Amino acid sequence: MSYKLYPWLKNFYNKIIYSNIFVNKNFGLLINYDCYLGVNILVINIIKWLFCNYKYNNKFCNNCLNCNLLNKNNHPNFFYLNFKKNIKFVDILNINDKFYNNLYISNYKVIYFLNFKFNNKYINNFLLKILEESYYKVIIIFTYLSSFKIPLTILSRCYKFKLKTPSESYILNFILNYKNLYINFNKNQIISSIRLSNYSPILSIFFLNKLWYFRKKFIDNIDILLSSNINDVFNLLNNNNFIVYNLYWLYYFFLDILKYFKNNVNFIYNIDYLYKIKYFKNLINYNKIFLILDKILLFYNDFNNFININKKILIFKIVYDIFYILNFK
């Protein structure tokens with residue numbers, strides 16, 4: 001468990017470890033972010049520095065007992081839960097059972113919650129109990145999206161840090177100097193990848209390396225949406241079973257068209273396909289675009305939130321809705 005910090009994380013890492021918060025006995029550390037920036041790598045480095053027996057300034061040795069145990073994911077005083085999975089209260093209780101029965105081989109006990117969601121009052125109350133009553137030096141680290149609301153009872157017992165999203169120019173320069181891009185991209189293509197990846201440098205590179213071919217193929221053939229044959233529309237949207245990605249790209253493509261309708265062209269997601277956006281603007285009614293955007297959002301809500309729903313039915317429905325709006329509304 002040893003990861004190299006991304007460039008945009010280094011100053012933030014130093015800001016936290018030099019903040020003198022670690023002299024306190026029990027506290028929470030809240031790190032929030034707006035998009036995927038590698039926050040897990042940041043926290044792992046903070047934890048390794050925290051546990052290291054021979055740390056110097058902002059460095060950890062990576063070779064002492066504590067560092068080796070962390071490297072093997074086997075440190076008895078480190079507890080980790082990823083809230084991308086369905087975390088239940090019993091999972092927290094299992095941590096509690098281990099929490100008070102571990103060897104004291106380090107100065108701290110650390111509980112780390114990745115992607116924490118403050119929506120379970122029983123878990124929140126349990127964490128407050130640990131922070132208030134623990135006889136041992138305890139640090140609870142929460143990382144979470146900025147959109148989540150934090151209960152004031154937890155917020156009052158935590159130090160809060162905001163991981164800022166790098167600027168577009170910073171990310172552009174980072175990607176232009178990135179050595180592992182599989183093919184060369186021009187400036188407008190990279191800017192489009194950055195905007196469509198919500199300003200995440202990591203996701204932008206993934207997009208360029210893994211998804212760019214499929215997105216290019218989709219946008220190159222997007223004129224098929226204007227076809228009077230629903231099978232053509234279905235084959236376009238569900239090509240290679242990429243319906244979720246294709247609808248995501250379609251949503252922002254239509255959003256760009258709306259910006260042209262409103263003469264707001266300063267921020268276009270698909271800047272590399274400006275000519276297509278202008279072309280569609282002259283062919284599709286303004287109100288139809290709003291209807292399609294609403295249908296796509298509804299599709300995503302149903303697709304992500306209803307576990308037992310038939311996904312194939314949802315796919316057929318969204319294709320039919322888009323086709324019907326474009327041809328008959």
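Per the conditions (1) part of a helix (DSSP H, G or I); (2) open to solvent by less than 50 Å² (accessible area, probe 1.4 Å); (3) not basic (Lys, Arg), the sole criterion not satisfied by Asn68 is (2). Cβ-Cβ contacts under 7 Å between residues 6 or more apart (or on different chains), taken from a first residue in region 17-42 that is within 19 Å of Leu70 (Cα to Cα) and part of a loop (DSSP other than H, G, I, E, B) to a second residue that is at pLDDT 90 or above and not hydroxyl-bearing (Ser, Thr, Tyr), are listed as Gly38/Leu9; Gly38/Ile202. Looking at the structure I just gave you, is Phe79 assigned to a strand (DSSP E or B), out of contact with any Cys (no Cβ under 7 Å at 6 or more places or on another chain) and at pLDDT 75 or above? So Phe79 passes the test.
Name every residue in region 265-309 that is among the acidic types (Asp, Glu) and either outside any helix (DSSP H, G or I) or farther than 20 Å from Ile325 by Cα (or both), in order of residue number.
Kept after step one, since they are among the acidic types (Asp, Glu), are these residues of region 265-309: 272, 294, 302.
Selection gives Asp272 alone.
Out of Ile315, Ile289, Ile284, one residue alone is at pLDDT 90 or above, surrounded by 18 or more Cβ atoms within 10 Å (Cβ to Cβ) and among the β-branched types (Val, Ile, Thr). It is Ile289. Listed by first and then second residue, the pairs with beta-carbon distance under 9 Å, at least 6 apart or on different chains, first residue in region 140-162 and free of Cβ contacts under 8 Å to residues at least 24 places away in the same chain, second outside any helix (DSSP H, G or I) and surrounded by fewer than 18 Cβ atoms within 10 Å (Cβ to Cβ), are Ser147/Asp34.
Restricting to region 145-200, and then to whatever is of a type in the set (Val, Ile, Thr) and within 28 Å of Phe254 (Cα to Cα), can you tell me which residue is surrounded by the most Cβ atoms within 10 Å (Cβ to Cβ)?
Initially, region 145-200 is screened for residues of a type in the set (Val, Ile, Thr), giving 150, 153-154, 165, 171, 175, 183, 190-191, 194.
So of that shortlist, the ones also within 28 Å of Phe254 (Cα to Cα) come out as 165, 171, 175, 183, 190-191, 194.
Values: Thr165: 19, Ile171: 24, Ile175: 18, Ile183: 9, Ile190: 25, Ile191: 22, Ile194: 28.
Across region 145-200, the extreme among qualifying residues is Ile194.
Let's see how each residue does on (1) at pLDDT 95 or above; (2) over 30 Å from Ile140 (Cα atoms); (3) small (Gly, Ala, Ser):
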{"site": "Ile171", "(1), (2), (3)": "yes, yes, no"}
{"site": "Tyr178", "(1), (2), (3)": "no, yes, no"}
{"site": "Leu181", "(1), (2), (3)": "no, yes, no"}
{"site": "Tyr213", "(1), (2), (3)": "no, yes, no"}
{"site": "Leu225", "(1), (2), (3)": "no, yes, no"}
{"site": "Ser228", "(1), (2), (3)": "no, yes, yes"}
{"site": "Val233", "(1), (2), (3)": "no, yes, no"}
{"site": "Asn246", "(1), (2), (3)": "no, yes, no"}
{"site": "Asn266", "(1), (2), (3)": "no, yes, no"}
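Sub-6 Å Cβ pairs linking a first residue in region 182-202 that is over 18 Å from Asn266 (Cβ atoms) to a second residue that is open to solvent by 30 Å² or more (accessible area, probe 1.4 Å), at least 6 apart or interchain, are Tyr182/Asn209; Gln189/Asp272; Ser197/Leu203; Ser200/Tyr36; Pro201/Phe174; Ile202/Tyr36, ordered by first then second residue. One residue stands out among those in region 3-49 that are open to solvent by less than 20 Å² (accessible area, probe 1.4 Å) and small (Gly, Ala, Ser): the one that is modelled with the highest pLDDT, which is Gly38.
On the given criteria, is Leu225 touching an Asp or Glu at 6+ places or on another chain (Cβ under 9 Å), under 26 Å from Val43 (Cα atoms) and buried (at least 18 other Cβ atoms within 10 Å of the Cβ)? Taking the combined requirement at face value, the residue does not satisfy it.
The values are calculated or read from the model by the stated rules, or taken from the named source; none is laboratory data. The structure displayed is predicted, hence computed values, not measured ones. Here Cβ is always computed from backbone atoms with ideal geometry, including for glycine, and neighbour counts include all displayed protein chains. Just the protein is used for accessible areas: all its heavy atoms, side chains included, with ligands, DNA and RNA removed. Shrake-Rupley method; radii C 1.70, N 1.55, O 1.52, S 1.80 Å.
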